[in-house]
Amino acid sequence: MADYLDGEAALYTLLNGLQLTDDEGNPLEHDGQPLEPTTTFLELPADTSERAAAGKVLIYVYRAGWSDDQKETEGHDRIGVDVHGPSRDVVVAVSQGIEVMLVDNYFDVPGVGFIDDVRRDSRWRRVPAPGRHQQTQAIFRLISRPD
């Protein structure tokens, strides 16, 4: 059986440390302060709500629909991307930016492999978040060929 790209590792690498900017290239702000680059997680920390409420943007990347131990995706890896942040405006802007960055594009991800295409399985939407922060969720399909 062929080995395909690990979509979870690919999006973790692509989304970690993004500098968030608006359409004109200015840093996104919250309460008058520029937001720090994003931090990506494969497992959310216990203090996610506190970090997000304090102005951090956290991105949680996870498998959506496939078992971690099955290599049966045949080059179509479904990956969930949750954005946690301090306000609705921030999480919506980040979610829209991620979608624009990923969908219908290809990537050579250092240390992971080549993504031929990214499709939208479930467009981002706001979901209830515990605590004092906001959250969005989307699912992307990463299409790749075997190594």
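The values are calculated or read from the model by the stated rules, or taken from the named source; none is laboratory data. As the structure is a prediction and not an experimental result, all values here were calculated from the model. Reconstructed Cβ throughout: ideal geometry from the backbone, glycine too, with neighbour counts over all protein chains shown. Areas reflect the complete protein model, heavy atoms only, side chains present, ligands, DNA and RNA absent. Shrake-Rupley method; radii C 1.70, N 1.55, O 1.52, S 1.80 Å.
Peptide packing for 107-116, 41-50 was compared via the average number of neighbouring C-beta atoms within 10 Å per residue; ordered from the highest value, the list is 107-116, 41-50.
Annotation: per residue accessible area for segment 1-52 equals 60 Å², rounded to a whole number [probe 1.4 Å, protein chains only]. Residue separation of ARG132 and ASP3 scaled by 0.36 nm, minus their Cα-Cα distance, works out to 42.3 nm of gained length. Fully extending the segment from THR39 to ASP22 would add 4.3 nm, taking 0.36 nm per residue of separation and subtracting the current Cα-Cα distance. Here the accessible area of segment 1-121 is 44 percent carbon and sulfur, with a 1.4 angstrom probe and all protein chains present. Rounded to the nearest 0.05, the FRET efficiency derived from the C-beta distance between VAL103 and ALA54 at R0 = 25 Å is 0.25.
Secondary-structure-derived ellipticity at 222 nm for the chain, considering helices only, amounts to -6000 deg cm²/dmol, per-run term -39500 (n - 2.57) for DSSP H runs with n ≥ 4.
Working from Cα positions, state the angle (0 to 90°, nearest 10) between the long axis of helix 88-102 and the longest principal axis of the chain. Its long axis makes an angle of about 30 degrees. Taken along its three principal axes, the alpha carbon spread of the chain comes to 51, 33, 25 Å, from the longest extent down to the shortest.
Applying 1/(1 + (r/R0)^6) with r as the Cβ-Cβ distance of ASP47 and ARG88 and R0 = 25 angstrom yields a FRET efficiency of 0.75.
When the Cα positions of SER87, LEU28, VAL103 are compared along the charge dipole of the chain, SER87 comes out farthest toward the positive end, with charges on each C-beta of Lys, Arg, Asp and Glu.
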